[in-house]
Amino acid sequence: MRNNSKVRMNRLFGGGRCLDVAIDHGVCNEPSFLNGLEDMSAVVKALVAAAPDAIQMNFGQADLLQEVPGKDKPALVMRLDMGNPYNRIRHRHMWAVLQNEAEPLIGALAMDAACVVVNLFMLPDEPDLFRQCVANISRVRADCDKYGMPLMIEPLVMQPVTEHGGYMVDGDAEKIVTLTRLAREMGADIVKADPTTNAEDFHRVVEAARCPVLVRGGGKEDLRNVFDKSAALMRQGAMGMVYGRNIYQHANPSAVVRALMAIIHEDVSGEEAYALYQRG
């Protein structure tokens, strides 16, 4: 970690761990992602009350968090890029670009973000998309070094769009470890990594990262499975989670947050976390 980024890192990691609730899905241009995010003001209000460590947003919605008065609120993690890999079809041209190519960090600095996040897509037969991501990260890292902004890199290994009607996570440990290592080589302060198919392999991802690893949640799942898997990944050395749809698309997002915070910060089991969730 760069020394000048530690100030913001301290705001992000409570006790060295972090639950970052991602609600930055609007830039994916995928209608199914927006279920539960229709009223962003209400979503942010509920999440602030639930008190996760951080909320992940884009510049155009970040004011909803940062205009909340007082200092006791989640830290802001700002998404800097956008692309079209999340749609259910393979586009003729696959792309990933920075939302502000001229000054990528300007919005994050203006909104007092504690961290920024950029994708590193590895899709089958899409070498140019990968090249674009490498260029984006290189551009952003230069400004992160300059301004002391922690850089979260999101290495995403995906299956072909033809497999499941959309680019879905490839949980192959070998692929995830290799791409995580690349993220570290490019200067990641935090890695947001997909879970390995077998949770017992996730320690290899942690070892490759040599920095805090947060687990990406992906699509909505059965909550008991989510809690069990989360607890198992924490035991493998993860320092927290970045969950979106597995929080905001459930009936009681605040209860999901409380249960995940207990897993992350109190080392409770999946069973104990589910009991907490059921109590509301």
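The values are calculated or read from the model by the stated rules, or taken from the named source; none is laboratory data. In this text the structure is predicted, and so the values were computed from the model without any measurement. Counting neighbours? That spans all protein chains shown, and the Cβs are built from the backbone with ideal geometry, glycine included. Heavy atoms of the whole protein, side chains included, go into the accessibility calculation; ligands, DNA and RNA do not. Shrake-Rupley method; radii C 1.70, N 1.55, O 1.52, S 1.80 Å.
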Check your understanding: Which condition breaks for A135 when tested against (1) without any contact (Cβ under 8 Å) to a residue 40 or more places away in the chain; (2) in a loop (DSSP other than H, G, I, E, B); (3) among the hydrophobic types (A, V, I, L, M, F, W, C)?
Key -> (2)
Check your understanding: Any idea how many residues of segment 109-125 are surrounded by fewer than 22 Cβ atoms within 10 Å (Cβ to Cβ) and more than 23 Å from N4 (Cα to Cα)?
Key -> 4
Check your understanding: Within segment 43-64, how many residues are touching a residue at least 60 places away in the same chain (Cβ under 8 Å) and either touching a Lys or Arg at 6+ places or on another chain (Cβ under 6 Å) or among the small types (G, A, S) (or both)?
Key -> 5
Study note, to complete from the structure: Within segment 200-220, restricting to residues that are at pLDDT 95 or above and small (G, A, S), the one that is least open to solvent (accessible area, probe 1.4 Å) is A209
Exercise for review: Within segment 119-148, work out how many residues are of a type outside the set (A, V, I, L, M, F, W, C) and in contact with a Cys (Cβ under 9 Å, 6 or more places away or on another chain).
Suggested key: 1
Review point. Across segment 141-153, which residue is nearest to the chain's Cα centre (by Cα) among those that are more than 19 Å from A193 (Cα to Cα) and either of a type in the set (A, V, I, L, M, F, W, C) or open to solvent by 40 Å² or more (accessible area, probe 1.4 Å) (or both)?
Key: M149
Exercise for review: Sort through G36, G26, G14 and tell me the only one that's touching a residue at least 60 places away in the same chain (Cβ under 8 Å) and either on the phi < 0 side of the Ramachandran plot or open to solvent by 50 Å² or more (accessible area, probe 1.4 Å) (or both).
Suggested key: G14
Review point. Exactly one of (1) open to solvent by 10 Å² or more (accessible area, probe 1.4 Å); (2) of a type in the set (D, E); (3) closer than 26 Å to A255 by Cα is unmet by D194. Its number?
Key: (1)
Study note, to complete from the structure: Taking segment 49-93 and the residues there that are β-branched (V, I, T) and at pLDDT 95 or above, the one that is surrounded by the fewest Cβ atoms within 10 Å (Cβ to Cβ) would be V68
